[in-house]
Structures are given as C-alpha cells and as structure tokens.
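Only one structure is covered here, and it is reproduced in the block below.
The values are calculated or read from the model by the stated rules, or taken from the named source; none is laboratory data. Computed from a prediction, not measured in an experiment: that's the story for all the values here. Here the Cβ positions follow ideal geometry from the backbone for every residue, glycine too, while neighbour counts run over all protein chains shown.
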Amino acid sequence: MTYISSGKAKDIYETPDGNLLFEFTDRVTAFDGLKKAEYKEKGEITCRLAEYWFNVLEQEGIPTHYISCPTPTSMLVKRLDIVPVEVIWRNYAAGSLLRRYNAGEVKLPDGVEPKEGAPIPGGMIEFTTKFEAVDRPVDVKEIQFNGWLSEQEIEYVTKLTKRINEILSRKLDDTGIILADFKVEYGRIPGGEIILADEAGTPDGCRFWDKAEFENGVIKSLDKDVFRKGIGDLSAAYGELFERIQKS
C-alpha cells in the first residue's frame, strides 16, 4: 500500500486496486488541533462503530463507500471525489451553534432557547467548508457559486442527511442514548453519484448524551466533548457508548 496522508484521527493509504484503507488511530484533537492527546483503544472503538453504522445505513438503503474491515482498526473504502463541504445535522443546541449565536453570527430557529440541550423541533442542517485551514460555515448560495454542489445536489444531500438522522436516532433510542448532533461527509463515485463518505455514527463526529441523565437535567457526554471540556476519561466514555450500542 501507498501512504497518502494523515488526518486528525486516521492515517490513509491507497491499496493496489485503487481503493483506500483508513487506519483508525488513538489520536484525538480539539479546537482545530490546538489540543491533542492519545487514548487507549480509541481507534478500535471508532473503527468498529463506523463499521456497525455503515452496515446499518446500507441495510436502510443509504449508499456508502464502506467495503470491509480487514482488522479491528482498519477500514477498506471506495476512493471518492470528496465534496468540499461538511454537513451538520442538529437535533439540540450545543457546541459551535451556541458559540456563534452568542457572538451574533447566527440566529437560532424560532422558539429554540439559546442554551445547551435546548431541542430544535424538526432539526436543522448546516454546512461548513471541508478543506480550508479552519472550517467555516457556508450557505447554499456560496456552495452553488463555487460549484461544490448544485441546487439539486444540495436538496439530495439534505434529504439523505435527514434520513441518516432518523435511522441513527431510532436505533439509539433502544440504548438510552440521545443523538444531539452529528457531521457527515459525501463524495462522488465515477459517474457523479453522491454517496456517504468518511465515517458515520462515531463519537468523534457525533454528540451522544445519556437519555436518563438528560431527563434529570444533566448532560452526560459520551463523545469527544469529554476531551474538549476535560470532564472525564475519553476511553471510558467511548467504551461505554460502544458497549451500549453493541448490546442493543
């Protein structure tokens, strides 16, 4: 295999047949790489969760680039032309949405309280850049102007992301876990079809909250916020999430 690059949490290789191999590492970063660390078994947990969710999504008719997992920490995927836009779906107010609101940079949907954990009825979608030095929010006009996605493709990606949210949320309901928000990426296969790329359903790219704690007014994170906020052991949080999903 040929080494291609390293991201925040994965090393990427090209296989002899032109596909890609993701090696999930124990690395974790936050705040655009300013905070870094490694946690034992993080790579294996995120890889196995991504595998689990790709299988679930494909069974539900969501097209993905997933092929197989030859080892507990590696994933073989189709090589795609990645769309330079990250897609964020939000079911609750949290994270950068509230920071941007407090800075006067964004409005919340009507009726949504400006506090962490406030529900967003029907959810909301946002887009950010993918390959810039620091990701920034973009609107559909800029996406179309730059030729990243057409109007029809934006509509398709929006519907697909909403469907992904419905599938993940339904499955997680049996585990007592709330899906607060998540981000996904898309790419084009030869011929132009857009399919789900990178990873899905991992605590690196989702906010997961314990439902029982939330109903008692406490947000117990089972995701990378544990590392961002310095509120516990990341390996323990990821491990609990994995065990609860596996038992469902």
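For this structure, a couple of remarks:
So that you can scan it fast, the table gives a plain yes or no per residue for (1) of a type in the set (Gly, Ala, Ser); (2) on the phi > 0 side of the Ramachandran plot; (3) without any contact (Cβ under 8 Å) to a residue 12 or more places away in the chain; (4) surrounded by 14 or more Cβ atoms within 10 Å (Cβ to Cβ):
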{"site": "Glu86", "(1), (2), (3), (4)": "no, no, no, yes"}
{"site": "Gly104", "(1), (2), (3), (4)": "yes, yes, yes, no"}
{"site": "Pro109", "(1), (2), (3), (4)": "no, no, no, no"}
{"site": "Pro121", "(1), (2), (3), (4)": "no, no, no, no"}
{"site": "Ile125", "(1), (2), (3), (4)": "no, no, no, yes"}
{"site": "Lys130", "(1), (2), (3), (4)": "no, no, no, yes"}
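- Of all the numbered requirements in (1) farther than 21 Å from Ser74 by Cβ; (2) part of a loop (DSSP other than H, G, I, E, B), Ala200 misses one, and that requirement is (1).
- Residues within segment 140-169 that are surrounded by fewer than 19 Cβ atoms within 10 Å (Cβ to Cβ) and outside any helix (DSSP H, G or I), tallied: 4
- For Phe242: the one exception among (1) under 30 Å from Leu80 (Cα atoms); (2) buried (at least 20 other Cβ atoms within 10 Å of the Cβ); (3) assigned by TED's automatic domain parsing to the domain that holds Gly123: (3)
- Residue in segment 30-42 that is among the small types (Gly, Ala, Ser), closer than 25 Å to Phe214 by Cβ and at pLDDT below 95 present: yes
- For Arg90, the requirement of being assigned by TED's automatic domain parsing to the domain that holds Val226, outside any strand (DSSP E or B) and either touching a helix residue (DSSP H, G or I) at 6+ places or on another chain (Cβ under 9 Å) or at pLDDT 95 or above (or both) is not met.
- Search result, residues across segment 73-97 that are of a type in the set (D, E, K, R) and within 17 Å of the chain's Cα centre (by Cα): Glu86, Arg90
- Asn216 out of contact with any helix residue (DSSP H, G or I) (no Cβ under 9 Å at 6 or more places or on another chain), crowded, with 17+ Cβ neighbours inside 10 Å and farther than 26 Å from Glu41 by Cα: no
- Residues located in segment 205-223, provided they are under 15 Å from Phe182 (Cα atoms), small (Gly, Ala, Ser) and not in a loop (DSSP other than H, G, I, E, B): Ser221
- Of the residues making up segment 26-39, those that are in contact (Cβ under 8 Å) with a residue 24 or more places away in the chain, outside any strand (DSSP E or B) and in contact with an Asp or Glu (Cβ under 9 Å, 6 or more places away or on another chain) number 2.
- Residues of segment 198-213 that turn out to be surrounded by fewer than 17 Cβ atoms within 10 Å (Cβ to Cβ) and either within 11 Å of the chain's Cα centre (by Cα) or touching a residue at least 12 places away in the same chain (Cβ under 8 Å) (or both), as a count: 2
A quick yes/no check of all residues on (1) in contact with a Ser or Thr (Cβ under 7 Å, 6 or more places away or on another chain); (2) touching a residue at least 60 places away in the same chain (Cβ under 8 Å); (3) within 19 Å of Lys42 (Cα to Cα):
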{"position": "Val138", "(1), (2), (3)": "yes, no, no"}
{"position": "Lys162", "(1), (2), (3)": "no, yes, no"}
{"position": "Ser169", "(1), (2), (3)": "no, yes, no"}
{"position": "Ala180", "(1), (2), (3)": "no, yes, no"}
{"position": "Pro190", "(1), (2), (3)": "no, no, no"}
{"position": "Leu196", "(1), (2), (3)": "yes, yes, no"}
{"position": "Asp225", "(1), (2), (3)": "no, yes, yes"}
{"position": "Ser235", "(1), (2), (3)": "no, yes, yes"}
